[in-house]
Amino acid sequence: MTCRTDPVAHPPPRPVQPLPEPLAWVSEALDHLTADGLRRPHRIRSGRQGGTVELDGRSLINFGSNDYLGYAGDVRLTKAASKAACSEGFGAGASPLVSGHSQAHERLEHAINQLLDVPASVAFPSGFAANSATIAALVGPGDLIASDERNHASIIDGCRLSRADVVIYPHRDAAALEAHLAAARGRRRRLIVTDTLFSMDGTIAPLVDLCEVARRHGAMLMADEAHATGVFGKRGSGLVELTGCEHGVHIRTGTLSKAIGAAGGFVAGHPDLIEWLRHAARGWIFSTAHPPAVAAAATRAIELIAAEPHRRQELLGRAAVLRDRLLTAGIDISAAAAQIVPIVAGTAEAAVGLSAHLATRGLFVPAIRPPSVPQGRSLVRASLSWLHSDTDLDHLADAIITCRR
């Protein structure tokens, strides 16, 4: 299959009128973002994701994508999506409860069940929707959520939507978590929620300890495997599998857009849990199902994860080598332990400067600034892919070490 991407043709620019008076504050707010070094560029990517990427007409080694296994641009996913689009059309046309749940979605959910070795799952239009809708379906006013301080924004928003009381425990601190739960006896429901692999700093949740805390306090435990699915475990299902916590983690969420290389999200667990979400998760009930072609591409990627375990093994091996080299050189990479490698710069300006310097060396390593990370901990984040060669990683390490000296 040959795929062609035509260049974007823009019409002549139209004159920009001043903002209406009720929106005049927006310009001032944007000026504040610029002054604080927090305004993000709008980039245009040409072609597909891969080990290299063309951004704004410039070819760079791509450390800015979460395409950990290199499937996002894989023609095998393109073929699966094309075949499904031909047989089922592209748009789903309706919410899953009405008529949007297609044969492609049914096959996807069965593939997720097999990958995770769970009895049931439900696919969402995005990983963000999966987290935010699930939390709000599990707890409500008067209940308690205990959330790791570095959880993803989708978890944070789900906590807000639920209207439950929320306590934020220090990052990966199971003892502090236990103290919060001990002080919250008598609540109708208590939910512990955590990422398994934290997207900004590459750290890993202490799942074994969290399972034990949840058991002792009769709490639900929800784990978001967004950055771990496909990468960890004998089957590639994630860190819940790797740590042997399948029975202690009650709700498993994830995304189809990172290592799986497609789009969408999922929740997996007991059949009754999944049935409840089909009646209570508003982000699923009131959203049009994502396209059947996308579901077919995700299903094909899950098949490839099972057939190509060498990709995750080689990825993690190369990531360990890179981390060791940076640590030996005295580079602050936080407590990273996976394929996400942060290089802590400090201020937002320093992170932007480091990212710009790396771009002059042919490397796309995006700057990460507040609110994605705490003040004073801005960084550039190298997301490694199986597509990166040893030479690519050597080049990255050389450039970082040279710049940080």
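Numbers for the structure displayed
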item: Any hit, the range 287-297, residues being part of a loop (DSSP other than H, G, I, E, B), at pLDDT below 95 and either at negative phi or not acidic (Asp, Glu) (or both); result: yes
item: Residues that are without any contact (Cβ under 8 Å) to a residue 24 or more places away in the chain and surrounded by 15 or more Cβ atoms within 10 Å (Cβ to Cβ), drawn from the range 322-331; result: 323
item: Matching option when the condition is in contact with a strand residue (DSSP E or B) (Cβ under 6 Å, 6 or more places away or on another chain), surrounded by 15 or more Cβ atoms within 10 Å (Cβ to Cβ) and either charged (D, E, K, R) or within 29 Å of residue 116 (Cα to Cα) (or both), among 352, 341, 294; result: 341
item: Elements of type helices (runs of 4 or more DSSP H) in the range 300-405, at least 2 residues being over 26 Å from residue 242 (Cβ atoms); result: 348-360, 390-404
item: Residue selected from the range 28-37 under the condition of a type in the set (D, E, K, R) and surrounded by 11 or more Cβ atoms within 10 Å (Cβ to Cβ), by the criterion modelled with the lowest pLDDT; result: 36
item: The listed residue being modelled with pLDDT of 95 or more, among the aromatic types (Phe, Trp, Tyr) and in contact with a Ser or Thr (Cβ under 6 Å, 6 or more places away or on another chain), out of 124, 128; result: 128
item: Conditions (1) assigned by TED's automatic domain parsing to the domain that holds residue 263; (2) farther than 18 Å from residue 278 by Cβ; (3) among the polar types (S, T, N, Q): number failed by residue 134; result: (2)
item: Residue in the range 241-264 that is touching a Phe, Trp or Tyr at 6+ places or on another chain (Cβ under 8 Å) and surrounded by fewer than 24 Cβ atoms within 10 Å (Cβ to Cβ) present; result: yes
item: Residue in the range 44-66 that is over 25 Å from residue 392 (Cα atoms) and not β-branched (Val, Ile, Thr) present; result: no
item: One residue from 197, 177, 191, 181 being modelled with pLDDT of 95 or more, over 25 Å from residue 127 (Cβ atoms) and surrounded by 18 or more Cβ atoms within 10 Å (Cβ to Cβ); result: 181
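For every residue, the table says whether it meets (1) crowded, with 16+ Cβ neighbours inside 10 Å; (2) among the aliphatic types (A, V, I, L, M).
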residue	(1), (2)
15	no, no
22	no, no
26	no, yes
39	no, no
48	no, no
74	yes, no
103	no, no
109	yes, no
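The values are calculated or read from the model by the stated rules, or taken from the named source; none is laboratory data. Everything numeric in this text was worked out from a predicted model, so none of it was measured. Backbone-built Cβ (ideal geometry, glycine too); neighbour counts: all protein chains shown.
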